[in-house]
Amino acid sequence: MPILPDIHGPEDVKRLSREECGALATELRQTIIDTVSRQGGHLASNLGDVELIIALHRAFDSPKDKLIFDVGHQTYAHKLLTGRQEQFSTLRSYHGMSGFPCRAESEHDWFDTGHSSTAISMALGLARARDLRKEDYHVVAVVGDGALTGGMCYEAMNDAGNGKNRLIVVLNDNEMSISKNVGALSSYFKHLRASASWYGGKKRVRRVLEGIPLIGEGVVDVIEKMKNMLKSIVTEGELFEALGFRYLGPFDGHNIDEMTRVFEEAKQVSDMPLLIHVITKKGYGYDLAERQPEKFHGVAPFRVENGLKRNQSGKESAAQAAGKALVAMAAEDTRIVAITAAMAGGTGLSEFATYYPERFFDVGIAEQHAVSMAAGLARAGMRPYFAVYATFLQRAYDQIIHDVCLQNLPVCILSDHVGLVGDDGKTHHGVLSVPMLLSIPNLTLLAPRDTREIRLAVRASLEVDGPCVIQYPKDGIEPYAKDEQGRTFAVGRWQTLVSGRETCILAYGRMTLHAVRASEMLKREGIEVGVIDCCSLKPMDMECLNALFEAGTEIITLEEGELIGGFGSEIARLSAQAGAKEPLEMMGIPNRFITHGSVPQLLEECGLAPEQIAGRIKGALERKTRVQEAHV
């Protein structure tokens, strides 16, 4: 008899027997595998914490007790146990369930979170508010070991330990962030895990003892308590103790009974914050994900039997194009080094790491450190390239300004996933990239339109004697157009893809392709509209722009980024400065956080599909004509 359909909230989980909890874990795991295989999503992390989440909901009273999940891509079991089973089939689809915690979905989700290393800080804020208001509930931050490579965790723990607030941090240790964990902290956790090597023997002894009539279970109970005391001594959680936390663990995160008992005991600690170290296996219960957890971290729809994508694409991604260009350059220039923040595969640096391991640095989930370290490398004569998703680059904004641009150092940032990224939604869209970067002095900002131009831009960046950011979308766009005058990519120069002196679209990145398509649609209606690829956002091609101003060309700006402070705003500023016509129409992302869904769906929601662009241009031209006729 299936158990999951009768689970409508945490109270139903508390009523289950030990055997029923084990069956529930199996059902949860299978539901997650089946759904993610159809919808895509984060698989390995969610398979690894099923038992842990069951134990959390057995011990704590959500939503009165607050469960805060770091990053947020480990919450699928939590969603299924908190009344969202019917919606789970819509995971990551347009108008469907988010792949991350979402306050609009449930009272059991306290924050909309998609970035790492933030949960302890937010949990501490909740705990302090509770104490100030003299309320009584528990606050639990569930944090992955990968998140602990981010310095913000230690800022929060240092503060929490100093304040002695009642707070529980559950360290879910599975030896992985996205790429394999690296650094001294990873080694420290391996030392702690070594003390848990008795788990296999422990289970065999438990079975024998439990078989002793009358006294068996009591003996197991006593030994369990003694073992936990000894583990706290043997594993020496000095790091956490030094930060003011009481350390317990490591414990088997796949043992529901043990974890429930540990959490119940943790609720009795009131004089200081507590860290509970839990060991789980990423991908647990699905052999392919267990053997290749990095590959099954975030996946497109796949076939469960072999793990292969349902829709295989032979297209080169934008990140792959940039990574290959960097490998070729590194063969010629020994100054070139590459940096990743725990995402070598996702950002296209795996090949570089293979060919030049001594010049490759994975710093963990520590974007601020990555940028400042790159500044140090550049100051010492190297040419560092930091590949990172645009949404995560936001975390290092001060370091970009203060440590790189203020010093005018030749650091190049390869900013991936710019614009709308699709299914991961509002926490991962890179639509603030241009407004964030355009105003920073000394910074060169490039936005190539396709994979060929990305390669050329990466190579051109080596000639930039100062900071440079090259940005591109998640998906690779194959070459589709050339400059009409035969010019190739160059910093400070734009390319004319479609001629048109009376009306012209200025676009960059993926929107250049949409501009070309819109121009073709308008041409079929007898409306000639040119397209210029503004691939160098800073410095701009002022020769080209001034020529458009002088000719009185009607300018339309088009961008897959926030309109306020973006490319269109800068063109409007420059036109006012030159006493020229202001842009006829400025198209971009509206000033709100965009939901999740496929990229075409989201572009259409924002009015940026090619046919919508064509319609908006046609409407703007018609309005201009009506105004002119009214003045005659």
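The values are calculated or read from the model by the stated rules, or taken from the named source; none is laboratory data. Small disclaimer: the values here were computed from a predicted structure and weren't measured. Every residue, glycine as well, gets a Cβ built from its backbone with ideal geometry; the counts of neighbours run over all protein chains shown. These area figures cover heavy atoms from the full protein model, side chains too; ligands, DNA and RNA do not enter into them. Shrake-Rupley method; radii C 1.70, N 1.55, O 1.52, S 1.80 Å.
Listed values, structure above:
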| read-out | value |
| --- | --- |
| D_trans [Stokes-Einstein, Kirkwood Rh over alpha-carbon pairs] for segment 474-568, 10 °C, 1.306 mPa s, µm² s⁻¹ | 116 |
| Carbon + sulfur, % of accessible area of the chain - ligands and nucleic acids excluded, 1.4 Å | 53 |
| Unit Cα scatterers, Debye sum, segment 547-632: log10 I(q)/I(0) for q = 0.12, 0.26 Å⁻¹ | -0.44, -1.27 |
| Cut-off under 5 Å, modelled amide H: who pairs with residue 170 long-range | 141, 142, 143, 276 |
| Sequence-distant residues sharing a close amide H with residue 589 (under 5 Å, placed H) | 561, 562, 563 |
| Karplus 3J(HN,Hα) series, Hz, for segment 512-529 with 6.51 cos²θ - 1.76 cosθ + 1.60 (x for Gly, Pro) | 5, 5, 5, 5, 4, 5, 5, 4, 5, 5, 5, 4, 5, 9, x, 10, 8, 10 |
| Relative contact order (percent, whole number), the chain, Cα cutoff 8 Å, 6+ residue spacing | 11 |
| Backbone HN-Hα couplings from phi across segment 40-46 [Karplus 6.51/-1.76/1.60, Hz, Gly and Pro as x] | x, x, 9, 9, 4, 5, 6 |
| Highest-first arrangement of 525-535, 468-478, where packing means the average Cβ count within 10 Å | 468-478, 525-535 |
| Descending principal axes extents, the chain, alpha-carbon based, whole Å | 100, 54, 53 |
| Rounded to whole Å, sorted largest first: equivalent-ellipsoid semi-axes of segment 478-632, Cα gyration tensor | 21, 20, 17 |
| List 629, 27, ordered by accessible area with a 1.4 Å probe, largest first | 629, 27 |
| Segment 431-478-segment 6-84 distance, computed between alpha-carbon centres (Å) | 41 |
| Interchain or long-range residues, amide H under 5 Å from residue 535's placed H | 495 |
| Karplus 3J(HN,Hα) series, Hz, for segment 609-618 with 6.51 cos²θ - 1.76 cosθ + 1.60 (x for Gly, Pro) | 6, x, 5, 5, 4, 4, x, 5, 5, 4 |
| Over segment 1-132, volume per residue of the alpha carbon convex hull, in Å³ | 103 |
| Paired Rg and Dmax values of segment 391-503, which use every Cα atom, in angstrom | 15.2, 44 |
| Residue 625 versus residue 136: modelled label distance in nm, points set 7 Å from Cα along the beta carbon direction | 7.5 |
| Area accessible to solvent at residue 260, 1.4 Å probe radius, in Å² | 20 |
| Average accessible surface area per residue within the chain, 1.4 Å rolling probe, Å² | 41 |
| Percentage of interatomic Cα-Cα distances in segment 93-139 larger than 15 Å | 55 |
| Projected area averaged over orientations for segment 29-72, convex hull of C-alpha atoms, nm² | 3.5 |
